[in-house]
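Undergrad: Below is the structure I would like to discuss, written out as structure tokens.
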Amino acid sequence: MDLTCLFRPASMAVIGVSTTQDNHPANVIYNKNHLRYPVKTFAVNPKGGQLNRERVYTTVAEIESPVDLAVIAVRARFVPDVVAQCIEKGIKGAVIISGGFSETGSSDLQQQVTDLAAQADFPFVGPNCLGIYSPEAVDTFFLPGERIIHPKKGNIGFVSQSGGVLVDQMVKFAGQGIGVSGAVSIGNKACIRETHLIDWFEQDMGTRVIAFYIEGFECREGREFIKRAQACTKPIVVLKAGKTARGIAAASSHTASVAGDYRVFSDIMAQHCVAEADTEYELTSFCEALSCYPKGSSGHIGIVSVSGGHGVLAADACGHHGLAIPEITEETAANILSRLSPEIQSIASLKNPLDLTGSCVDADILNAVRHLSRDPHIDCILALLLPYSPGISADIGAKLSQVASNEGKPLIAYVPNEDKYKIIIEGFELNKIPVASSVEGAVLMAKALKRCRPC
Amino acid sequence: MLTPRIIQIIESARPAGWILEPMAKEILAAQKLTVPKSVLTDSVDSAAQFLAACDGPVVLKAVSPLILHKTEHQAVVTHVKDPETLASHMTRLLSLNGCDQVLVEEMVSGIEVLVGAKNDLQFGPVVVLGLGGTSVEIYNDTAIRLAPVTPADVTSMVKSLGARPIFEGYRGRPGVNMDALTRMIVDFSHLIMDLEPWFESIDLNPVICDPDRCVAADARILLLPETNYPS
């Protein structure tokens, strides 16, 4: 199924615009895209007329030029006819915003649309959804542009069964400086489902991580999802809603009573290296970490800090999240010690977590990270940087990134998210080193790397 | 692949909704899983002959389509060592509701493990591993994997359990034979893929594991309601 028409349409018809009600969803979508995105946009309403001095076409058939994408925002009962007209016109695919299908009990109506589209090989997203935000290409969310917070163009492909969660997650991504390559609200997923979108984002060159918010799968859909996930070369992150036990009332078998829906989901995701995030906050951290390090690690963490307290906090969080803090080898400790500034040689603690103290300078941190990276017991390094220390320069981000890149082991940094430290943060991020704004966040990023490895 | 005999067993179990233990074990044995040596009989004499031929004690189990949970009906007698005890229990079990025959089995001992399967709506057949017995639901210390599984999956299942030290042997006690357990779970996972159209859940509880082998001491196969069967 080619979804280019949905993610990068050259032209689009918005069906169901109102000439009287300016905040109608279709009007919001039309106004957002017309002359604002590189997509030629046409307004359609059977009554015709004008919208903002542009022609309103009475049907898609009236549009003289070819149309790639139809955005359908008419009442549910009119949707089958409109879809038929779109197919007749040769439109390549649709986003069906309209609600009033299986979510309200009208499964037959939904099936009618699905069958119609399937016969014509006509892909559509929805119904009952926000549709697609494809940065610098198209935006079918019926949320006014001035209200929504859009993340920048980036490398996360995000798919959500809930439009509300999608929009909220975009706010979180934007807040952490994470960009998306595409965000899709699939609603009732009557045609395009998670499995199709794994395939789309897998072949999309701009996507490095594919993330999902999943409420539930239909019959055997979970198995299909796993099959696609296994064939996919990019890390996949999932956030599952509906974790409380259900459907296990019939307890005549021990197995059925211990293998509730969520336990099955969670264990199977882990079995197949799909990184399951426990919370929305984790989802954000996981996406950032895996976009930098798609291969993951086995969770043996070396910690470098300039404050003993931060090292202990991080070690505690690692323990909580199932990450190990192994002892470093004597050789590693000796190599670090022999190169430390004389001022801190007697006060630095070189047991994992390493405390270089507030008197250390850039070179000490670089030295510690370099040799920790070479320690065979360590496969991921957390650098907890407190830029208040006088010995730490604004160059530390770029310099440390260089060390990490030379040594080849994942490095994750914690830097407080303050404007005055932006230069440090950018020093890391421009070099694809993930930066967390809290100690916990840094630990969650390390957890992500472990979760996308075989359990 | 399922043999015509297995299909026949399933078909005949449809009305009851579950497969009687001797037939369930026949299905397991056909898939090369180890089950205890046994005789299915209503005769005290043949039961006594079986006991005499066994090295140790035997277990008696009432076989009745009306008794799904045997312990709740005192339908299992363990540690039967002499012909007199055997005879009196045989008589009692044969008087239980619906019981025409008694399954007389060699008694095996070792670590009790649960090997189970669920036909999950979203994922299809999944395998479950945990410590056996009735406490499995209390501790909920289980590992679940999508079937069919690989030997590496079985290793990771054991590693993920809180009860891992028991499997591996601790405080001088022997653990389970991991090769035997692995082989059993891998074979079982392929069996449940074949049984996907019919089964709802399967409990092999307990599977009794010692340093030499893993034996499915009990087996219960619950079938899907008939409306869900393939046509």
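Undergrad: Go through segment A:133-152 and report how many residues are touching a residue at least 40 places away in the same chain (Cβ under 8 Å) and either assigned to a loop (DSSP other than H, G, I, E, B) or surrounded by fewer than 18 Cβ atoms within 10 Å (Cβ to Cβ) (or both). Give the derivation first.
TA: Taking segment A:133-152 and keeping what is touching a residue at least 40 places away in the same chain (Cβ under 8 Å), we get A:133-145.
Imposing the further condition that a residue be either assigned to a loop (DSSP other than H, G, I, E, B) or surrounded by fewer than 18 Cβ atoms within 10 Å (Cβ to Cβ) (or both) reduces the set to A:135-137, A:140-145.
Going through segment A:133-152 one residue at a time, the tally reaches 9.
Undergrad: Which number in (1) touching a strand residue (DSSP E or B) at 6+ places or on another chain (Cβ under 7 Å); (2) at pLDDT below 95 marks the one condition that residue A:198 misses?
TA: (2)
Undergrad: Can you confirm whether segment A:401-417 contains a residue that is within 14 Å of chain B (Cβ to nearest Cβ) and buried (at least 17 other Cβ atoms within 10 Å of the Cβ)?
TA: To start, the set of residues in segment A:401-417 that are within 14 Å of chain B (Cβ to nearest Cβ) comprises none.
No, that holds for no residue.
Undergrad: Right, next: Here is a list: A:56, A:74, A:67. Which entry is in a strand (DSSP E or B), of a type in the set (Val, Ile, Thr) and modelled with pLDDT of 95 or more? Reasoning before the result, please.
TA: Working: A:74 fails: in a strand (DSSP E or B); A:67 fails: in a strand (DSSP E or B).
Selected residue: A:56, the only one of A:56, A:74, A:67 that is in a strand (DSSP E or B), of a type in the set (Val, Ile, Thr) and modelled with pLDDT of 95 or more.
Undergrad: Continuing with this model, one more query. If I filter segment A:190-208 for residues that are assigned to a loop (DSSP other than H, G, I, E, B) and within 14 Å of another protein chain (Cβ to nearest Cβ), do I get at least one hit?
TA: Within segment A:190-208, one or more residues are assigned to a loop (DSSP other than H, G, I, E, B) and within 14 Å of another protein chain (Cβ to nearest Cβ).
Undergrad: Identify, please: which residue in segment A:184-206 is aliphatic (A, V, I, L, M) and closer than 24 Å to residue A:112 by Cα and is, among those, nearest to the chain's Cα centre (by Cα)?
TA: Looking at the filtered set, the residue picked out is A:184.
Undergrad: Related question: Let me spell it out: the conditions are (1) of a type outside the set (A, V, I, L, M); (2) more than 14 Å from chain A (Cβ to nearest Cβ); (3) under 29 Å from residue B:9 (Cβ atoms); (4) touching a residue at least 60 places away in the same chain (Cβ under 8 Å), and residue B:175 meets all of them except one. Which number is the exception?
TA: Of the numbered conditions (1) of a type outside the set (A, V, I, L, M); (2) more than 14 Å from chain A (Cβ to nearest Cβ); (3) under 29 Å from residue B:9 (Cβ atoms); (4) touching a residue at least 60 places away in the same chain (Cβ under 8 Å), the odd one out for residue B:175 is (3).
Undergrad: With (1) in a helix (DSSP H, G or I); (2) surrounded by fewer than 20 Cβ atoms within 10 Å (Cβ to Cβ); (3) within 14 Å of chain A (Cβ to nearest Cβ) as the list, and residue B:69 as the residue in question, which single condition is left unmet?
TA: Looking at each condition in turn, residue B:69 falls short on (1).
Undergrad: Residue B:84: in a helix (DSSP H, G or I) and more than 14 Å from chain A (Cβ to nearest Cβ), yes or no?
TA: Details: in a helix (DSSP H, G or I): yes; more than 14 Å from chain A (Cβ to nearest Cβ): yes.
Criteria met by residue B:84.
Undergrad: Can I ask one more? Looking only at segment B:100-157, which residues are more than 20 Å from residue B:206 (Cβ to Cβ), surrounded by fewer than 22 Cβ atoms within 10 Å (Cβ to Cβ) and more than 9 Å from every other protein chain (Cβ to nearest Cβ)?
TA: Hits for segment B:100-157 are B:100, B:101, B:148, B:150, B:151, B:155.
Undergrad: For segment A:309-366, how many residues are without any contact (Cβ under 8 Å) to a residue 40 or more places away in the chain and in contact with a strand residue (DSSP E or B) (Cβ under 7 Å, 6 or more places away or on another chain)?
TA: 4
Undergrad: Give the residues of segment A:170-187 that are touching a Pro at 6+ places or on another chain (Cβ under 6 Å) and assigned to a strand (DSSP E or B), sorted by residue number.
TA: A:180
Undergrad: Please indicate, with yes or no, whether at least one residue in segment A:111-126 is closer than 19 Å to residue A:195 by Cα and in a strand (DSSP E or B).
TA: yes
Undergrad: Being closer than 29 Å to residue A:430 by Cβ, more than 32 Å from the chain's Cα centre (by Cα) and of a type in the set (S, T, N, Q) narrows it down to one residue among A:389, A:373; which is it? Steps first, please.
TA: Details: A:373 fails: more than 32 Å from the chain's Cα centre (by Cα).
It is A:389.
Undergrad: In addition: Being acidic (Asp, Glu), within 12 Å of chain B (Cβ to nearest Cβ), in contact (Cβ under 8 Å) with a residue 12 or more places away in the chain and in contact with a helix residue (DSSP H, G or I) (Cβ under 8 Å, 6 or more places away or on another chain) narrows it down to one residue among A:221, A:215; which is it?
TA: Values: A:215 fails: in contact with a helix residue (DSSP H, G or I) (Cβ under 8 Å, 6 or more places away or on another chain).
None of the other options fit; the residue is A:221.
Undergrad: Give segment A:418-436 a look and list any residue that's surrounded by fewer than 18 Cβ atoms within 10 Å (Cβ to Cβ) and either more than 15 Å from residue A:290 (Cα to Cα) or within 14 Å of chain B (Cβ to nearest Cβ) (or both), or say none.
TA: Start the filter on segment A:418-436 by keeping residues that are surrounded by fewer than 18 Cβ atoms within 10 Å (Cβ to Cβ), which leaves A:418-420, A:422-423, A:426, A:430-432.
Of everything in segment A:418-436, those that are surrounded by fewer than 18 Cβ atoms within 10 Å (Cβ to Cβ) and either more than 15 Å from residue A:290 (Cα to Cα) or within 14 Å of chain B (Cβ to nearest Cβ) (or both) turn out to be A:418, A:419, A:420, A:422, A:423, A:426, A:430.
Each row is one residue, and each column tells you yes or no for (1) at pLDDT below 95; (2) over 11 Å from residue A:158 (Cα atoms).
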| residue | (1), (2) |
| --- | --- |
| A:202 | no, yes |
| A:211 | no, no |
| A:217 | yes, yes |
| A:226 | no, yes |
| A:232 | yes, yes |
| A:238 | no, no |
| A:244 | yes, yes |
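Undergrad: Continuing with the same structure: Might you let me know whether segment A:90-103 holds any residue that is farther than 20 Å from residue A:160 by Cα, small (Gly, Ala, Ser) and outside any loop (DSSP other than H, G, I, E, B)? Even if it seems obvious, please write down each step before you answer.
TA: Residues of segment A:90-103 farther than 20 Å from residue A:160 by Cα: A:90-92.
Narrowing further to those that are small (Gly, Ala, Ser): A:90.
Going one step further and asking which of them are outside any loop (DSSP other than H, G, I, E, B), we end up with none.
For segment A:90-103, residues farther than 20 Å from residue A:160 by Cα, small (Gly, Ala, Ser) and outside any loop (DSSP other than H, G, I, E, B): absent.
Undergrad: Just give me the residues in segment A:207-228 being among the small types (Gly, Ala, Ser), more than 10 Å from the chain's Cα centre (by Cα) and buried (at least 20 other Cβ atoms within 10 Å of the Cβ), in sequence order.
TA: Going through segment A:207-228, the residues among the small types (Gly, Ala, Ser) turn out to be A:211, A:216, A:222.
Applying the additional criterion that residues be more than 10 Å from the chain's Cα centre (by Cα) yields A:216, A:222.
Answer for segment A:207-228, where residues must be among the small types (Gly, Ala, Ser), more than 10 Å from the chain's Cα centre (by Cα) and buried (at least 20 other Cβ atoms within 10 Å of the Cβ): just A:222.
Undergrad: If we only count helices (runs of 4 or more DSSP H) wholly inside segment A:280-393, which ones have 1 or more residues that are buried (at least 22 other Cβ atoms within 10 Å of the Cβ)? Lay out the reasoning, then the answer.
TA: Numbers: elements: A:280-292, A:308-320, A:330-339, A:342-345, A:362-373.
By residue number, A:280-292, A:308-320, A:330-339, A:362-373.
Undergrad: For segment B:44-63, what are the residues that are modelled with pLDDT of 90 or more, out of contact with any Ser or Thr (no Cβ under 6 Å at 6 or more places or on another chain) and not in a helix (DSSP H, G or I)?
TA: B:57, B:58, B:60, B:61, B:62, B:63
The values are calculated or read from the model by the stated rules, or taken from the named source; none is laboratory data. Quick caveat: nothing in here was measured; it's all calculated off a predicted structure. Neighbour counts are summed over all protein chains in view; Cβ atoms, including those assigned to glycine, are modelled from backbone coordinates with ideal geometry.
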